[in-house]
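Read-outs: derived from the displayed coordinates by stated rules, not from any lab. Just so it is clear, the model here is predicted, and its values are computed rather than measured. Every residue, glycine among them, receives a Cβ derived from its backbone with ideal geometry; neighbour counts consider all protein chains shown.
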Amino acid sequence: MESLTVIFAGPQGSGKDTQVALLKNYLTHHDSTPVVHFNAGTELRAFAHEGGYTQDIVEKSLMRGELQPMFVLAHAMSRFFITLLKGNEHLLVSGFPRSDDQMMLFESAISFYKRKQPVLLYLVVPEEVSVERLMKRGRSDDTEESIRKRLHWNQEQTLPVMKALQKNPLYRYIEIDGTASIEAIHAEILKQLNLV
């Protein structure tokens, strides 16, 4: 099987992490190719927990639901890619890219690593569904105010990036109904990626 590059996109609470985990599990059991998952939020939180002046600023900023500066995100992404990419893996990406400058950063990496036709998989869910799901997961930075702030930012910043990617012939765009059951969404993803 040729190495896949799949970007999981959609508003917070659309089920990206759940679907990444299911796809990662499927690929691990049906293919010998290693699977690597870059989650921007996870990497930023891990960075914040390392302790230090910059890390402390990032941690407080994350708690307020704020967007991180590009140099911090570039550091987190670069460190992850340089450490974990070996050239023969499936690459799953979630929570990134979410803005024009993040898109430029991501495309520079995709070009550098010569990843062929990345798939942009967009999970569509209404805002109220996102808020309800995020409040249930009980993470410390998931207050209703910070959730709505992130969703509003997603609407303003991320949707234009997704629309640009949708029109970009270098990417394959797939839109999935994120309100369906977890199993139904997973089955649809496998079908759309030609894995079944």
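What percent do you get for the relative contact order of the stretch 1-108 when only Cα pairs under 8 Å and 6+ apart count?
Numbers: 108 pairs, mean separation 47.7, N = 108.
Relative contact order, the stretch 1-108: 44 percent.
Helix hunt in the chain: which complete DSSP H runs extend at least 20 Å axially by C-alpha with mean Kyte-Doolittle at least -1.0?
Taking the DSSP H segments of the chain (at least 20 Å long, mean hydropathy at least -1.0), we get 16-30, 70-84.
Which pairs in the list Lys116/Lys191; Lys114/Lys167; Lys149/Lys191; Lys60/Lys191 are over 30 Å apart, alpha-carbon to alpha-carbon?
Lys149/Lys191; Lys60/Lys191
Rounded to whole Å, give me the distance from the Cα center of the stretch 119-196 to that of the stretch 58-78.
Here the answer is 20 Å between Cα centres.
So if we plug the beta-carbon distance of Leu170 and Met70 into 1/(1 + (r/R0)^6) with R0 = 22 Å, what FRET efficiency do we get, rounded to 0.05?
0.50
Would you mind calculating the relative contact order of the chain from Cα pairs under 8 angstrom and at least 6 residues apart, reporting the percent as a whole number? Mind showing how you got there, number by number?
On the way: 249 pairs, mean separation 66.1, N = 196.
The normalised contact order for the chain reaches 34 percent.
Along the charge dipole of the chain, which of Asn39, Gln117, Ser94 sits closest to the positive end, that is, farthest toward it, with unit charges on the beta carbon of Lys, Arg, Asp and Glu (+1, +1, -1, -1)?
Gln117
Ranking request for peptides 80-86, 96-102: highest mean number of other beta-carbon atoms within 10 Å first, then the rest in descending order. Don't jump to the answer; show the numbers that get you there.
Working: 80-86: 13.1, 96-102: 19.1.
Per-residue Cβ counts within 10 Å, averaged per peptide and sorted highest first, yield 96-102, 80-86.
What size of dipole, in debye to the nearest 20, comes out for the stretch 5-192 about its Cα centre when the only charges are +1 on Lys and Arg C-beta atoms and -1 on Asp and Glu C-beta atoms?
Computed about the Cα centre, the dipole is about 480 debye.
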